[in-house]
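Trainee: Supplied in structure tokens, the structure appears directly below.
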Amino acid sequence: MADKKIIAVVGATGQQGSGLVKAILADPAGGFAARAITRDPQSDKAKELARLGAEVVAGDVDDEESLKKAFAGAYGAYCVTFFWAHFSPEKEQAQAAAMARAAKAAGVKHVIWSTLEDSRKWIPLSDSRMPTLMGRYKVPHFDSKGEADEAFRAAGVPTTYLLTSFYWENFIYFGMGPKKGPDGVLGITLPLGDKKFPGIASDDIGACAYGIFKKGDAYIGKRVGIAGEHLTGAEIAAAFSKALGQPVRYNEVAPEAYRGFGFPGAEDLGNMFQFNRDFADEFCAARNLDFSRRLNPGLKTFGAWLAENKGRIPLE
Ligand SMILES: NC(=O)c1ccc[n+]([C@@H]2O[C@H](COP(=O)([O-])OP(=O)(O)OC[C@H]3O[C@@H](n4cnc5c(N)ncnc54)[C@H](OP(=O)(O)O)[C@@H]3O)[C@@H](O)[C@H]2O)c1
């Protein structure tokens, strides 16, 4: 351990961070050690990471001093925020800035910041094609991450800006899986028109991040994007049909309709899908599949992910 480079992982018990911890632990000869940061080292998930070989330390992104301690002595840090835990762009930006300052103070040599596009660079607030939300955002959970990029530059910490993609796990945990229509036929409902949409198995985000750390300085100061596959709504439905052995249709809806679905975050997600749809070529180009596979040769396609996970998808 002493001769290994420590990667301190925020959100280590969550979807992105756990993928990185597992990727590091799966490569004992790779020269890296995993330090899992959690608010509760005694939780079952944290104990499981310790059992697998990770160092587990306490840390909270709302507590900068705890982050400095958690980052101390680390070569690298994976920094991610948890928008859906609080729905506050301002809180997310404060947490990102605290991580950036703590990483600088701890002398971290390479941060990977899990970010997304600031959609306002494509759709300014004055653009009426989608509503402005929370006063100054179009896609709050994207815009606040994109805006927080500046905190890492301002802190002067060597950073790779990692553009992630929609997790296919949202079909399991986020209520986005196939649902039965009035005729009993399953359907997935997305406002994507006929455009390609990048998705990824959430574990592969961490595995790609590990690939970035293994490349040393190559991506420091760069903005890189990853995805497992770019698929249209119809292609997603076809893959579901094949995996589940029953028809799944693509219910194309307008972003306005999606924004009105009423669940927490529906407006934010309606704007997100519209942004992804209207700028699909650029959004996909920023998430090159060959590049993602070079970072992570085990990168899954949607079909491979479905084959492993179809039994976990609630079919309502
Ligand atoms: N869903 C998607 O498709 C998607 C796609 C791209 C990007 N994202 C972004 O991904 C982010 C969430 O990442 P994730 O999915 O990996 O999260 P997650 O699975 O919800 O995991 C959250 C983990 O972070 C830890 N955590 C929560 N609050 C914390 C705090 N205050 N301090 C320290 N740790 C804290 C928790 O661990 P402990 O309880 O152990 O502390 C928890 O296990 C969001 O900002 C979202 O916008 C999501």
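Just so you know, all these numbers are worked out from the coordinates, no wet-lab data involved. A quick note: this is a predicted structure, and the numbers were derived from the prediction, not measured. Note that we place each Cβ from the backbone using ideal geometry, even for glycine, and neighbour counts take in every protein chain shown.
Trainee: For region 246-316, with the dipole built from +1 on Lys and Arg beta-carbon atoms and -1 on Asp and Glu ones, taken about the Cα centre, which of Pro247, Asn271, Tyr258 lies farthest toward the positive end?
Mentor: Pro247
Trainee: Report, for region 1-122, the % of DSSP beta bridges that are antiparallel, rounded to 5.
Mentor: 5 percent
Trainee: Then there is this: List the lysines whose Cα sits under 30 Å from the Cα of Lys180, skipping any in the same chain fewer than 8 residues away.
Mentor: Qualifying lysines at Cα under 30 Å: Lys195, Lys196, Lys242, Lys300, Lys310.
Trainee: While we're on this one: Membrane-span-like helices in the chain: DSSP H runs reaching 15 Å or more (Cα, own axis), mean Kyte hydropathy at least 0.0?
Mentor: In the chain, the long hydrophobic H runs are 15-25, 202-214, 233-244.
Trainee: Positive end of the dipole of region 109-257, charges at C-beta (+1 Lys, Arg; -1 Asp, Glu), about the Cα centre: which of Ala154, Ala234, Ser165 has its Cα farthest in that direction?
Mentor: Ala154
Trainee: When Lys and Arg each count +1 and Asp and Glu each count -1, what net charge do the other residues less than 15 Å away from Asp183, Cβ to Cβ, add up to?
Mentor: +2
Trainee: Would you mind getting the Kirkwood hydrodynamic radius of the chain from its Cα pairs, rounded to one decimal in Å?
Mentor: The Cα-based Kirkwood calculation yields 20.1 Å.
Trainee: Continuing with the same structure: So for the chain, averaging the separation of alpha carbon pairs under 8 Å that are six or more residues apart and normalising by length, what relative contact order in percent results?
Mentor: 16 percent
Trainee: Also: Given an 8 Å cut-off on Cα distances and at least 6 residues of separation, report the relative contact order of region 184-316 as a percent.
Mentor: 40 percent
Trainee: Which net charge results for the neighbourhood of Glu117, defined as the other residues with beta-carbon distances under 12 angstrom from its beta-carbon, given Lys and Arg at +1 and Asp and Glu at -1?
Mentor: Once all neighbours under 12 Å are counted, the net charge is +1.
Trainee: Could I ask something else about it? Looking at region 1-149, what % of the alpha carbon pairs are farther apart than 22 Å?
Mentor: Considering region 1-149, 42 percent of its Cα-Cα pairs are separated by more than 22 Å.
Trainee: Another question about this same structure. Scan around Leu133 for amide H atoms under 5 Å from its own, H built in the peptide plane at 1.01 Å from N, and keep only partners 5 or more places away or cross-chain.
Mentor: Those lying under 5 Å, H to H, from Leu133 are Lys138.
Trainee: Pairs of alpha-carbon atoms within less than 8 angstrom and 6+ residues apart define the contacts here; what relative contact order does region 1-99 have, in percent?
Mentor: About 30 percent, as a whole number.
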